[in-house]
Amino acid sequence: MPRRIPNDWHPGVIPDNAHVHERALVETALCFESFRSEHARGLEVGEGSALYTGTMLDVGPRGRVRIGACCMLNRMRIVCDESVEIGDFSLISWSVVIMDTYRTAFDVESRRCALRHAAARADRRLGEPAPCRPVRIGRNVWIGFDSCILPGVTVGDGSIVGARSVVRDDVPPLSIVAGNPARVIRAIREEAGHA
Amino acid sequence: MTEPLPRGRWTHGELPASIRLGPGTLLSGDHALRRFRSGLADAVEVGSNTTLDGVHLALGESARLVIGDWCHLSSVMLLSEEEIRIGSYVAIGWNTAIADTDFHPIAPALRQADAIACSPIGAGRARPPAVSRPVVIADDVWIGPCTTILKGVHIGPGAVIEAGSLVTTHIPAGSHVMGNPARILDA
């Protein structure tokens, strides 16, 4: 029985392989517009998490997205052809892109082939299978608006990514990183009442 | 006898005569021409089999846009007062902005005059000139999502521009760049 989201303006349904906790919120089925996972648990959303309108899950057939409890995903985009994990209590701000693949080759000939294929498709989708490097966002991570998390990155528990950063290297736990490319600015003291 | 390729088309209506799309090219999105103001007879020329999906053609009165064949642009803002030229086999990721102009003057007095001219109460006043310089992107360039390409930039063939980059200088052919400002990455 296809599941529709109550009061959804969008006509879509929640895919059968999307396991959303009954106390989690997915505001609109628009987020599944490019969700093509064939994995039995293609999407998992933990208790108390929310995917607000504008959040887009662009997931390929082998992709698997796991979102923990009490996460806030605010108009952000996940590109996943293998694995993207987000730990509990994480805050992902607007227009953030988290990607486990570039969906393109780094050699010119392969890119030309991909562009020819795209033009021949009815939906004009561009995106060929490309090497994937899973992304792991830890627990209690805050990612500032407009940031990009590139393939293969692990962000340690408790860390903060400043707005408009591009993260290509792992982020240690309890750190603040910022910039493009992102660099550690300073450590966060666990017991501090203020930063 | 093979079927002729479909003519290039816009999904949201009739194209002005000054916009020419080659066979198999698709321009989609109802915002595409919302800020299109070019008065040139050959304002926009796009080759064949190119996909312009959610692209904004924000062209000023004397602006020109040329795009080659087999390109794929997704949610890209093309902001031009002079000329943007894109080759063939170019892929540009979503949320990218390409601007060939500063939009506003640098000098404070001129900038203030521009603020007045742009305001609802300044209608009809001539705007002071802003600097513009054409942007040229060669064949086989890959530009990742969320990038910004500023005025006067020439990107050489085969270059790869990482997501989130802001490009202000010429990029040599075959380079791999990243950052704000964009810098060439060591191999």
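When the residues of region A:69-121 are filtered to those that are out of contact with any Cys (no Cβ under 8 Å at 6 or more places or on another chain) and of a type in the set (D, E), which remaining residue is modelled with the highest pLDDT?
This residue is A:E85.
Being under 14 Å from the mean Cα position of the chain (by Cα), among the small types (G, A, S), over 21 Å from A:S95 (Cβ atoms) and buried (at least 17 other Cβ atoms within 10 Å of the Cβ) is the requirement here; does B:G93 meet it?
So B:G93 does not fit the description; no.
Within region A:128-153, can you find the residues that are surrounded by 21 or more Cβ atoms within 10 Å (Cβ to Cβ) and part of a loop (DSSP other than H, G, I, E, B)? Please lay out each step first, then the result.
Of all residues in region A:128-153, those surrounded by 21 or more Cβ atoms within 10 Å (Cβ to Cβ) come to A:132, A:135, A:137-138, A:141, A:143, A:147-151, A:153.
Those that are surrounded by 21 or more Cβ atoms within 10 Å (Cβ to Cβ) and part of a loop (DSSP other than H, G, I, E, B): A:G138, A:V141, A:S147, A:L150, A:P151, A:V153.
Determine whether region A:169-185 contains at least one residue that is out of contact with any Leu (no Cβ under 7 Å at 6 or more places or on another chain), part of a loop (DSSP other than H, G, I, E, B), over 26 Å from B:V167 (Cα atoms) and at pLDDT 95 or above. Explain how you work it out, then say what you get.
Kept after step one, since they are out of contact with any Leu (no Cβ under 7 Å at 6 or more places or on another chain), are these residues of region A:169-185: A:169-185.
Those still in the list that are part of a loop (DSSP other than H, G, I, E, B) too: A:169-170, A:172-174, A:180-181.
Then keep just the ones that are over 26 Å from B:V167 (Cα atoms); that gives A:172-174.
When the remaining residues are screened for being at pLDDT 95 or above, the result is A:172-173.
Among the residues of region A:169-185, at least one is out of contact with any Leu (no Cβ under 7 Å at 6 or more places or on another chain), part of a loop (DSSP other than H, G, I, E, B), over 26 Å from B:V167 (Cα atoms) and at pLDDT 95 or above, which makes the answer yes.
State all residues of region A:14-45 that are assigned to a loop (DSSP other than H, G, I, E, B) and either crowded, with 20+ Cβ neighbours inside 10 Å or in contact with a helix residue (DSSP H, G or I) (Cβ under 9 Å, 6 or more places away or on another chain) (or both); if no residue qualifies, say none.
Going through region A:14-45, the residues assigned to a loop (DSSP other than H, G, I, E, B) turn out to be A:15-17, A:21-24, A:27-28, A:33-34, A:36-42.
Of everything in region A:14-45, those that are assigned to a loop (DSSP other than H, G, I, E, B) and either crowded, with 20+ Cβ neighbours inside 10 Å or in contact with a helix residue (DSSP H, G or I) (Cβ under 9 Å, 6 or more places away or on another chain) (or both) turn out to be A:P15, A:S37, A:G42.
Taking interchain pairs and intrachain pairs at least six residues apart, which have beta carbon atoms under 7 angstrom, with the first residue in region B:15-32 and surrounded by fewer than 19 Cβ atoms within 10 Å (Cβ to Cβ) and the second among the hydrophobic types (A, V, I, L, M, F, W, C) and assigned to a loop (DSSP other than H, G, I, E, B)?
Cβ pairs passing all conditions: B:S18/B:L40; B:S18/B:A41; B:S18/B:A43; B:P23/B:L5; B:G29/B:V55.
Of all residues in region B:65-75 being modelled with pLDDT of 95 or more and surrounded by 19 or more Cβ atoms within 10 Å (Cβ to Cβ), which is farthest from the other protein chains (Cβ to nearest Cβ)?
So, considering only residues that are modelled with pLDDT of 95 or more and surrounded by 19 or more Cβ atoms within 10 Å (Cβ to Cβ), the one farthest from the other protein chains (Cβ to nearest Cβ) is B:L65.
Quick check on region B:101-116. Is at least one of its residues buried (at least 16 other Cβ atoms within 10 Å of the Cβ) and within 14 Å of another protein chain (Cβ to nearest Cβ)?
no
Output the number of residues of region B:152-166 satisfying the condition of being within 21 Å of A:D146 (Cβ to Cβ) and more than 12 Å from chain A (Cβ to nearest Cβ).
Number satisfying all stated conditions: 1.
Which residues, taken from region B:159-179, are free of Cβ contacts under 8 Å to residues at least 24 places away in the same chain and either within 20 Å of B:L78 (Cβ to Cβ) or within 18 Å of the chain's Cα centre (by Cα) (or both)?
First pass over region B:159-179, keeping only residues free of Cβ contacts under 8 Å to residues at least 24 places away in the same chain: B:159-162, B:164-172, B:174-179.
Correct list: B:A159, B:V160, B:I161, B:E162, B:G164, B:S165, B:L166, B:V167, B:T168, B:T169, B:H170, B:I171.
In region A:124-165, which residues are among the β-branched types (V, I, T), within 14 Å of the chain's Cα centre (by Cα) and within 14 Å of chain B (Cβ to nearest Cβ)? Let's see the steps before the verdict.
Within region A:124-165, the subset among the β-branched types (V, I, T) is A:135, A:137, A:141, A:143, A:149, A:153-155, A:160-161.
Checking which are within 14 Å of the chain's Cα centre (by Cα) leaves us with A:135, A:137, A:141, A:143, A:149, A:153-155.
Scanning region A:124-165 gives A:V135, A:I143, A:I149, A:V153.
Please tell me if B:S62 is among the hydroxyl-bearing types (S, T, Y), surrounded by 19 or more Cβ atoms within 10 Å (Cβ to Cβ), in a loop (DSSP other than H, G, I, E, B) and away from every other protein chain (no Cβ under 14 Å).
Numbers: among the hydroxyl-bearing types (S, T, Y): yes; surrounded by 19 or more Cβ atoms within 10 Å (Cβ to Cβ): no; in a loop (DSSP other than H, G, I, E, B): yes; away from every other protein chain (no Cβ under 14 Å): yes.
So B:S62 fails the test.
For B:V135, which of the numbered conditions (1) at the interface with chain A (Cβ under 9 Å from one of its Cβ atoms); (2) at pLDDT 95 or above; (3) surrounded by 20 or more Cβ atoms within 10 Å (Cβ to Cβ); (4) closer than 19 Å to B:C71 by Cα fails to hold?
(1)
Conditions (1) under 13 Å from A:R124 (Cβ atoms); (2) assigned to a loop (DSSP other than H, G, I, E, B); (3) touching a helix residue (DSSP H, G or I) at 6+ places or on another chain (Cβ under 6 Å); (4) modelled with pLDDT under 95, marked per residue:
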| position | (1), (2), (3), (4) |
| --- | --- |
| B:L5 | no, yes, no, yes |
| B:A17 | no, yes, no, yes |
| B:D30 | no, yes, no, yes |
| B:L52 | yes, no, no, no |
| B:M77 | no, no, no, no |
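Take the conditions touching a helix residue (DSSP H, G or I) at 6+ places or on another chain (Cβ under 8 Å), of a type outside the set (A, V, I, L, M, F, W, C), more than 20 Å from B:E82 (Cβ to Cβ) and more than 14 Å from chain A (Cβ to nearest Cβ) and apply them to B:G122. Does it pass? Write out each step before concluding.
Numbers: touching a helix residue (DSSP H, G or I) at 6+ places or on another chain (Cβ under 8 Å): yes; of a type outside the set (A, V, I, L, M, F, W, C): yes; more than 20 Å from B:E82 (Cβ to Cβ): yes; more than 14 Å from chain A (Cβ to nearest Cβ): yes.
So B:G122 passes the test.
Hey, does region A:69-91 have a residue that's of a type in the set (S, T, Y) and buried (at least 22 other Cβ atoms within 10 Å of the Cβ)? Show your work before the answer.
Residues of region A:69-91 that are of a type in the set (S, T, Y), as a first pass: A:83, A:90.
Adding the requirement that they be buried (at least 22 other Cβ atoms within 10 Å of the Cβ) leaves A:90.
The answer is yes; a qualifying residue exists.
The values are calculated or read from the model by the stated rules, or taken from the named source; none is laboratory data. Computed from a predicted model, the values in this text were never measured in an experiment. A quick note on method: Cβ atoms are made from the backbone with ideal geometry, for glycine too, and the neighbour counts reach across all protein chains shown.
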